[in-house]
Amino acid sequence: MSVESRGLIDRLGAGAWYGYVALVALFFLTPLFSLVIASFYDGRFFSIVDYEFSLGWYEAALASGSIRSAFMNTVRISVPVTILSTIIGTGGAIAYTRYEFPWQERFKLLALLPIFFPLILLGLGMSMWASVLGLGYGIVPSIIGELVWISPIVMFVVSITALGIDPNVEEAARDLGADTITMYRRVTLPLIKDGVVSGAIFAFVLSWNNYYIVSYLSGAQSTITTWIHGRMTQGFTPVVPAVASLIFYVSLLLVVAAFIVEFREESG
């Protein structure tokens, strides 16, 4: 086979791969973009024929006391979950990647185990334990429940960055007289800061969009996802696409920020 033919086959293969990725992205993004388009429609029942742009449903959403309360409850859960899961996940990632200890691989499997459970089963199990332990239902149990699921994900994200650190750098810091705290503060954490930031962003996005765990643990405290689900079971209202779009905008901005951090890390 000639070089020209081989190059043509490679280009066709690359084109087919990128085309496949584009089709998958289109498949997943079309419902989201349709939701956004519907949220700007000036009418109760969506129609392409007489589509008129309007911000009315966003104004109605922001003026609703129940929606504002649901947003605030979501923030009260997402912010502590982001902070705590970042601390726990970063600590777990450092322990796994920087030290050797018995049953190290089993530790990794045990730590990542909650990721592989269906969320609906995880939420149901947490709800049962919350009742048995007397935790009740509300903001605090929701935070604890989400930590169980999100902390391992943060650990996985930070571990990817931590595994790329040359151990000799830390050994050199110790040889120069740095104690453990100083080494982590001056050497290790600055080197993995992009991974920590990415982990924190994904932690917030996952908590912000979570439904199954908070639906079992939040009790009477409605979050934005449980509000949407409850409103849809009562009958469709055009405010729902507007509220769902607001969630999508926040998530999209944070995901873009995470990709920027990752790109900066790779290019640096």
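If I compute solvent accessible area with a 1.4 Å probe over the protein chains, what percent of it on the chain is carbon and sulfur?
Roughly 71 percent, rounded to a whole number.
Given the options 142, 198, 64, state which has the largest fluctuation in a GNM of the chain using a 10 Å cut-off (strictly under) for Cα springs.
Judging by the Gaussian network model, the answer is 64.
If I take every Cα pair under 8 Å that is 6 or more residues apart in region 64-267, average their sequence separation and divide by the length, what percent do I get for the relative contact order?
The value is 34 percent.
Over region 37-120, what portion of Cα pair distances is larger than 16 Å, expressed as a whole percent?
73 percent
Can you list the trypsin sites (Lys or Arg not before Pro) in region 39-142 that are in a DSSP coil and have 16 or fewer other beta carbons within 10 angstrom?
44
Report the normalised scattering of the chain as log10 I(q)/I(0) at q = 0.10, 0.12, 0.13 Å⁻¹, calculated by the Debye formula with identical scatterers on the alpha carbons.
-0.70, -0.91, -1.01
Given the options 130, 93, 25, which has the most mean-square fluctuation in a GNM of the chain, springs set between C-alpha atoms less than 10 angstrom apart?
25
How do 158, 187 rank by accessible surface area computed with a 1.4 Å probe, from largest to smallest?
In descending accessible area the options line up as 187, 158.
Over the chain, with the other protein chains present, what is the accessible area per residue in square angstrom, probe 1.4 angstrom?
I get 59 Å² per residue for this part.
Among the complete DSSP H segments of the chain, which ones combine at least 24 Å of alpha-carbon extent along their axis with a mean Kyte-Doolittle hydropathy of 1.0 or more?
Both cut-offs are met by 3-39, 139-162, 189-209, 239-267.
Quickly estimate the mean residue ellipticity at 222 nm for the chain, helices only: each DSSP H run with n ≥ 4 gives -39500 (n - 2.57), and the total goes over all residues, rounded to 500.
-26000 deg cm²/dmol
State to the nearest 20 debye the size of the charge dipole of the chain about its Cα centre, where the only charges are +1 on K and R beta carbons and -1 on D and E beta carbons.
So the dipole magnitude of the chain works out to roughly 560 debye.
Of 155, 183, 72, which is the most mobile in a GNM of the chain whose springs link Cα atoms less than 10 angstrom apart?
Highest fluctuation among the options: 183.
The values are calculated or read from the model by the stated rules, or taken from the named source; none is laboratory data. Note that the structure is predicted; figures quoted are calculated from it, not measured. Note that we place each Cβ from the backbone using ideal geometry, even for glycine, and neighbour counts take in every protein chain shown. Ligands, DNA and RNA are excluded from the accessible area calculation, which covers all protein heavy atoms including side chains. Shrake-Rupley method; radii C 1.70, N 1.55, O 1.52, S 1.80 Å.
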